[in-house]
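One structure is given here, and the rest of the page talks about it.
The values are calculated or read from the model by the stated rules, or taken from the named source; none is laboratory data. What you see is a predicted model; the values in this text were computed from it and never measured. Remember, those area values only see protein heavy atoms, side chains included, never the ligands or the DNA or RNA. Shrake-Rupley method; radii C 1.70, N 1.55, O 1.52, S 1.80 Å.
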Amino acid sequence: MAKTLIIQLSDDLERKLTAQAEKLNLSLEDLILQSLSQSAKQENISEFDPIFPLLGTLEFDNSDVGENHDQYLQQTLQHRNKIS
């Protein structure tokens with residue numbers, strides 16, 4: 001059974017979401033439903049992965065940290081060993 005929910009968006013948020021929906025060739029409603037669905041899935045992931053709440057909260061100078069994390073860890077350890 002589907003549930004109808006009425007939400008009130010600020011003008012700015014509506015403009016941003018409408019622009020995003022148009023880029024994705026979606027209706028505003030479909031974009032919001034997809035976003036809510038993804039958010040609900042992520043909530044389940046956070047129960048099992050303690051690092052999940054930190055995702056998106058950290059800033060790095062390098063954009064390839066996920067791909068080259070071993071290299072960056074090695075550089076950091078080498079740098080620390082030189083200081084010690």
**Asked** Out of all the residues in the stretch 41-63, which are open to solvent by 100 Å² or more (accessible area, probe 1.4 Å), over 23 Å from THR76 (Cα atoms), under 13 Å from the mean Cα position of the chain (by Cα) and at pLDDT 70 or above?
**Response** LYS41
**Asked** Listed residues LEU36, LEU13; which is at pLDDT 90 or above and in a helix (DSSP H, G or I)?
**Response** LEU13
